[in-house]
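Below is one structure, written out as structure tokens; the observations come after it.
The values are calculated or read from the model by the stated rules, or taken from the named source; none is laboratory data. Keep in mind it's a predicted model, so treat the numbers as computed, not measured. So basically every Cβ, Gly included, is an ideal-geometry build from the backbone, and we count neighbours across all protein chains shown.
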Amino acid sequence: MLWAFPRRGRAAEDPYHVRELVDWLGANRYRGSVDRTRFSLLRRLRWPLALWGTLVAAAGGYVYWRVHRFDRLIREVATQYELDPELVRAVVWQESRFNPLAVGSRGEIGLMQVTREAAVEWAAAQGRATPELAELFVPTVNLHVGTWYLARALAHWAQHQENPLPYALAEYNAGRRNVSRWAEGTSASNFHHRIGYPSTRRYVAAVLERYRRSMPSNAQ
């Protein structure tokens, strides 16, 4: 404990920075009268400041709950399709900020912003009945459709590229036809610059960065 050792200079005289508070209140070297205006201001603000602190803490708790409330479901679905749950979380964050009721400008729905067409393809591949449009707002259904679509894209590009993840994310955002056109005649190191849509370029970069930060080696 550093404070237990002898200290020199001003730090030794005032190790807890009491002087700064006292000086602000208008006292001189712990003596003299306190500036009553500033002291009264502190007294009047103590309850608003306490309320503000409570609201900030509550907001932080809400954000944590919103981001992590689907963790178990994401792990279960990601495991079923043999994907890293953190990758799925990164996609969900970028797509909807974990809002299961989100609706995109082109009709994308739910946590992973899936389309009706993707749901039809998923249902056919799984031998299931095609879910109704309203069912795509259900987190379980939405995660199954989106995670399956992402896994399919990864499997496809793994046959053609050493690092299929950027290609799969670009396909998730812009479709396979576009990605095939951008990938033609270019190396994996240059693919990002060949992405034709600036929004897709930003999307891929954002998901990859969030996924990278979730790695244990990058945990703070």
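Miscellaneous remarks
- Residue list for the range 111-124, restricted to those being in contact with a Gly (Cβ under 8 Å, 6 or more places away or on another chain) and either crowded, with 20+ Cβ neighbours inside 10 Å or not in a helix (DSSP H, G or I) (or both): Leu111, Met112, Gln113, Val114, Thr115, Ala118
Residues checked against (1) within 23 Å of Val179 (Cβ to Cβ); (2) not charged (D, E, K, R):
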{"position": "Arg66", "(1), (2)": "no, no"}
{"position": "Val88", "(1), (2)": "yes, yes"}
{"position": "Gly104", "(1), (2)": "yes, yes"}
{"position": "Glu108", "(1), (2)": "yes, no"}
{"position": "Thr115", "(1), (2)": "yes, yes"}
{"position": "Ala124", "(1), (2)": "yes, yes"}
{"position": "Leu136", "(1), (2)": "no, yes"}
{"position": "Leu154", "(1), (2)": "yes, yes"}
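- Condition met for Tyr172 (in contact with a Phe, Trp or Tyr (Cβ under 6 Å, 6 or more places away or on another chain) and modelled with pLDDT of 95 or more): no
- Of all residues in the range 77-109 being part of a loop (DSSP other than H, G, I, E, B) and under 16 Å from the mean Cα position of the chain (by Cα), the one that is nearest to Asn142 (Cα to Cα): Pro100
- When the range 133-155 is filtered for residues that are within 11 Å of Met112 (Cβ to Cβ), free of Cβ contacts under 8 Å to residues at least 40 places away in the same chain and not β-branched (Val, Ile, Thr), the ones remaining, listed by number, are Leu136, Tyr149.
- Some residue of the range 183-198 being of a type in the set (Ser, Thr, Tyr) and modelled with pLDDT of 95 or more: yes
- Filtering Ala158, Ala151 for residues that are over 17 Å from Ile74 (Cβ atoms) and in the same structural domain as Arg89 (by TED's automatic domain parsing) leaves a single hit, Ala158.
- Residue pairs meeting the criteria (Cβ under 7 Å; at least 6 apart or on separate chains; first part of a loop (DSSP other than H, G, I, E, B), in the range 176-204; second among the hydrophobic types (A, V, I, L, M, F, W, C) and buried (at least 17 other Cβ atoms within 10 Å of the Cβ)): Ile195/Ala170; Ile195/Trp182; Ile195/Val204; Gly196/Trp182; Tyr197/Ala174
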